[in-house]
Each structure stands twice: as structure tokens, then as C-alpha cells.
Amino acid sequence: MNGVTDKAYDLRYDPNEVGGDLVVECWISHSPRSNDAGFDPQPADTVTLGDDEEPPLRGRVVRREGNRVWIQIDLASATHAVA
């Protein structure tokens, strides 16, 4: 990857792990941007989430602990294409 995203989203997520509050835990090391040294999601940042099957979704970072990031999914983004 060499710092360039080859996927249309920032973080990979498992749709089966989304909580009732629409928060899902993601791992930066398992994301398409894992080798991007400039990728540093922090609380309140907007990111895109993907699962390699459905169109990407937008979400907001609500918490971060090292390699783990918790994202609250924006359901309105499910009805719009994410560039």
C-alpha cells in the first residue's frame, strides 16, 4: 500500500459486531490504511467503514485506544454513495 489507500474506505468493520448504539470496534492494523503513517483517527474525526461486500459507510470516531478505534456509524450515509 505504501501510504496510499487501495480501498474505498479507511477502516474495515464486521457488520455483525455493530451494537445497538451503532458503535463498532475497528482495528487500524486490520484496515486498508494500516501502512499509512499519516492515518491517525481521533475522537470526533469522520472516517469511512467497509466490509468488502457492501458500499462504504461514514462514521464518527467516538473513542480510540492505540490500535483500536470505536466508530459510531452514520445511518444516513447508508443511503448515499461515499466517494
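Points to keep in mind about this one:
- Label-point separation in nm, A44 to H30, each point 7 Å along Cα→Cβ: 2.9 nm
- Cα pair distances in the range 11-79, grouped into 5 Å bins until the bin that holds the longest one, percent each: 4, 18, 31, 30, 13, 4, 0
- Peptides 38-44, 51-57 ranked from most to least packed by the mean count of surrounding Cβ atoms within 10 Å: 51-57, 38-44.
A short reminder: the numbers here are calculations on the coordinates, not readings from a lab. What you see is a predicted model, and the numbers here were worked out from it, not measured in a lab. Heads up, the Cβs are rebuilt from the backbone with ideal geometry, glycines too, and the neighbour counts pull from every protein chain shown.
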